[in-house]
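The values are calculated or read from the model by the stated rules, or taken from the named source; none is laboratory data. This is a predicted model, so every value here is computed, not measured. Ideal geometry is used to build each Cβ from the backbone, glycine not excepted, and the neighbour counts take in all protein chains shown.
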Amino acid sequence: MASIQLQGIEKWFDDTQVIKGIDFDIADGEFIVLVGPSGCGKSTMLRILAGLEDATAGSIRIDGQDITGKLPSERGLSMVFQSYALYPHMNVASNIGFALKTAGVGAAEIDRRVAEVARTLRLEQLLDRLPKQLSGGQRQRVAIGRAIIREPKGFLFDEPLSNLDASLRVNMRLEISRLHEELGITTIYVTHDQIEAMTLADRIVVLDEGMIMQAGTPRELYNRPLNKFVAEFIGSPKMNMMPCEVKDGRLLLQSSAVDGPTPTALPSSVAWLGVRPENMSLCDPEQAAITGTLVVCEYLGAEQFAYVDCGFDDVMTVRVDPEMQLGTGGKVGIDLQADRLHFFDQDGNRT
Ligand SMILES: Nc1ncnc2c1ncn2[C@@H]1O[C@H](COP(=O)(O)OP(=O)(O)O)[C@@H](O)[C@H]1O
Ligand SMILES: [Mg+2]
C-alpha cells in the first residue's frame with residue numbers, strides 16, 4: 001500500500017495544455033475518484049500516474065520516493081481499463097496468472113495465488129473458461145483479477161464500468177467497494193459518472209479543463225460546493241441555478257424580493273442562487289417569491305420531480321411527494337429551504 005503525492009503536474013500536447021498544475025496528496029489506503037466531463041484530462045492524469053505518459057512538468061512520489069521518470073513496471077501500480085484487453089486464447093486462470101508467469105514465478109505458487117484471487121472475485125467456477133464464454137461483468141472481474149494478483153501498491157481504474165449495462169454496473173460498483181474494504185489498497189478511480197463518484201469515493205476530485213475545481217468527501221462536495229461548476233456537476237437531478245442580485249441587502253429574483261429565506265449580510269457580489277431539488281417545494285403561487293408554470297411531472301415510484309418554468313434559462317426541478325397527483329399547465333409557487341441556499345458570484349465562486 002502506498003501514499004501518493006502529485007506536485008505541480010502539467011501536461012502539454014504540442015501547444016495545448018491539457019493538465020494545468022495539479023497538486024494533490026493521497027493517503028495510504030484512500031479511495032480517490034477523479035470525476036469530470038469528457039475531455040477534462042482524467043485519463044491523461046491517470047496515464048501520467050501509471051507512467052504511460054510523461055508529465056511536461058511536476059513530480060510524483062509514492063511513499064515519499066520520487067518515481068517521476070520511472071517505467072510503469074517500476075511503480076508498483078496496476079491499471080484496469082475500460083476495455084478489458086484479456087488474452088482471447090487463454091482461459092481465465094491463465095489470464096489472471098499471466099503476469100506472474102512472465103515474472104518467472106513457479107507453477108505451484110501461481111496456482112495458489114490464482115485460486116486466492118479467484119476466491120476474492122468469485123471467479124472460482126469460471127477458471128477454465130475463455131474470455132468469449134464470459135459476460136461483460138465477468139470479464140471485468142478477470143481484468144481486475146489480473147491487476148490484483150500483482151499485489152500492487154495502488155490501483156488505477158479508468159472508467160472500468162462504462163461498457164457494462166446499468167444493472168451490472170451497480171453490481172460491479174458494490175464489488176469494487178467490497179474489494180477495497182477487503183484489500184485496503186490505495187485506489188484512484190476515473191469516471192464521468194457522478195453516482196459512481198459519490199458511492200465509491202473516500203474523497204472526490206472534480207476536474208474541469210485540467211484543473212481541480214474541488215476535492216473533498218462526497219458530503220463536503222454535495223453540501224458545500226465551492227463553485228458553480230461543482231454545484232451543478234455533483235447531484236442528480238442537478239442543482240437549480242437562478243440568476244439573482246442583492247440590492248440594499250435584499251435578495252432579488254425575477255425582480256421580486258425573496259423575503260423569507262434571505263440570509264443576513266449577503267454580499268452585493270451575489271449573482272447566482274443555487275438550490276437543490278429536494279430543498280425546494282411547491283406552494284401557493286400567491287404566497288411565493290418564485291412562481292412559474294408546471295410543465296412536466298416525472299413519477300419514478302420512490303420519488304417524483306416537478307419541472308417548473310419560471311422564466312429562467314433552465315427549467316427548475318422540484319422534488320415532490322410521489323403520492324402527490326399533479327396536473328401540468330397550471331401556475332405554481334416555489335418555496336426554498338432557507339438554510340440550504342448556495343450563493344455564487346459572477347465568476348462562479350461561492351460567496
Ligand atoms: N495523445 C494525445 N495527443 C493530443 N491530445 C490528446 C492526447 N491525449 C489526449 N488528448 C487531449 O487531451 C484532452 C484530455 O483528454 P483525456 O485525458 O483523454 O480526457 P478524459 O479522460 O477526461 O475524457 C482532450 O482534449 C484530448 O483530446
Ligand atoms: Mg478518459
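All of 101, 132 fail the test of being in the same structural domain as residue 77 (by TED's automatic domain parsing), part of a helix (DSSP H, G or I) and in contact (Cβ under 8 Å) with a residue 40 or more places away in the chain, apart from 132. Scanning the stretch 145-172 for residues that are in contact (Cβ under 8 Å) with a residue 40 or more places away in the chain and of a type in the set (Gly, Ala, Ser) yields 145, 147, 154, 162.
Please work out if residue 229 is among the aromatic types (Phe, Trp, Tyr), surrounded by fewer than 23 Cβ atoms within 10 Å (Cβ to Cβ), farther than 30 Å from residue 101 by Cβ and in contact with a strand residue (DSSP E or B) (Cβ under 7 Å, 6 or more places away or on another chain). For residue 229, the condition - among the aromatic types (Phe, Trp, Tyr), surrounded by fewer than 23 Cβ atoms within 10 Å (Cβ to Cβ), farther than 30 Å from residue 101 by Cβ and in contact with a strand residue (DSSP E or B) (Cβ under 7 Å, 6 or more places away or on another chain) - is met. Scanning the stretch 53-87 for residues that are modelled with pLDDT of 95 or more, closer than 18 Å to residue 152 by Cβ and within 16 Å of ligand 1 (Cβ to nearest atom) returns no hits. Cβ-Cβ contacts under 8 Å between residues 6 or more apart (or on different chains), taken from a first residue in the stretch 227-256 that is within 13 Å of residue 336 (Cβ to Cβ) and modelled with pLDDT under 95 to a second residue that is among the hydroxyl-bearing types (Ser, Thr, Tyr) and in a loop (DSSP other than H, G, I, E, B), are listed as 251/262.
May I ask you to say which residue of 202, 165 is surrounded by fewer than 19 Cβ atoms within 10 Å (Cβ to Cβ), over 14 Å from residue 29 (Cα atoms) and acidic (Asp, Glu)?
Values: 202 fails: over 14 Å from residue 29 (Cα atoms).
When all the criteria are applied, what remains is 165.
When the stretch 58-71 is filtered for residues that are loosely packed, with under 15 Cβ neighbours inside 10 Å and either within 16 Å of ligand 2 (Cβ to nearest atom) or outside any loop (DSSP other than H, G, I, E, B) (or both), the ones remaining, listed by number, are 59, 65, 66.
Total residues in the stretch 124-136 satisfying the condition of being under 17 Å from residue 85 (Cβ atoms) and buried (at least 18 other Cβ atoms within 10 Å of the Cβ): the figure is 2. If you go through the stretch 28-61 one residue at a time, how many are more than 18 Å from residue 75 (Cβ to Cβ), touching a residue at least 24 places away in the same chain (Cβ under 8 Å) and of a type in the set (Gly, Ala, Ser)? Going through the stretch 28-61 one residue at a time, the tally reaches 4.
Looking at the stretch 28-48, can you tell me whether even one residue there is assigned to a strand (DSSP E or B) and either among the small types (Gly, Ala, Ser) or within 13 Å of ligand 2 (Cβ to nearest atom) (or both)? Yes: one or more hits.
Across the stretch 46-96, what is the total count of residues that are under 20 Å from residue 113 (Cα atoms), of a type in the set (A, V, I, L, M) and out of contact with any Phe, Trp or Tyr (no Cβ under 8 Å at 6 or more places or on another chain)? Counting residues in the stretch 46-96 that are under 20 Å from residue 113 (Cα atoms), of a type in the set (A, V, I, L, M) and out of contact with any Phe, Trp or Tyr (no Cβ under 8 Å at 6 or more places or on another chain) gives 4. Of all strands (runs of 3 or more DSSP E) completely enclosed by the stretch 280-322, which ones contain at least 1 residues that are free of Cβ contacts under 8 Å to residues at least 40 places away in the same chain and surrounded by fewer than 16 Cβ atoms within 10 Å (Cβ to Cβ)? By residue number, 290-299, 304-309. Filtered by the rule that a residue be among the basic types (Lys, Arg) and near ligand 1 (Cβ under 7 Å from one of its atoms), the stretch 9-43 gives a lone residue, 42.
Taking residue 159, is it assigned by TED's automatic domain parsing to the domain that holds residue 216, surrounded by 15 or more Cβ atoms within 10 Å (Cβ to Cβ) and on the phi > 0 side of the Ramachandran plot? Criteria met by residue 159.
Give the stretch 317-351 a look and list any residue that's in the same structural domain as residue 300 (by TED's automatic domain parsing) and in contact with an Asp or Glu (Cβ under 8 Å, 6 or more places away or on another chain), or say none. Listed by number, the residues that qualify are 319, 322, 333.
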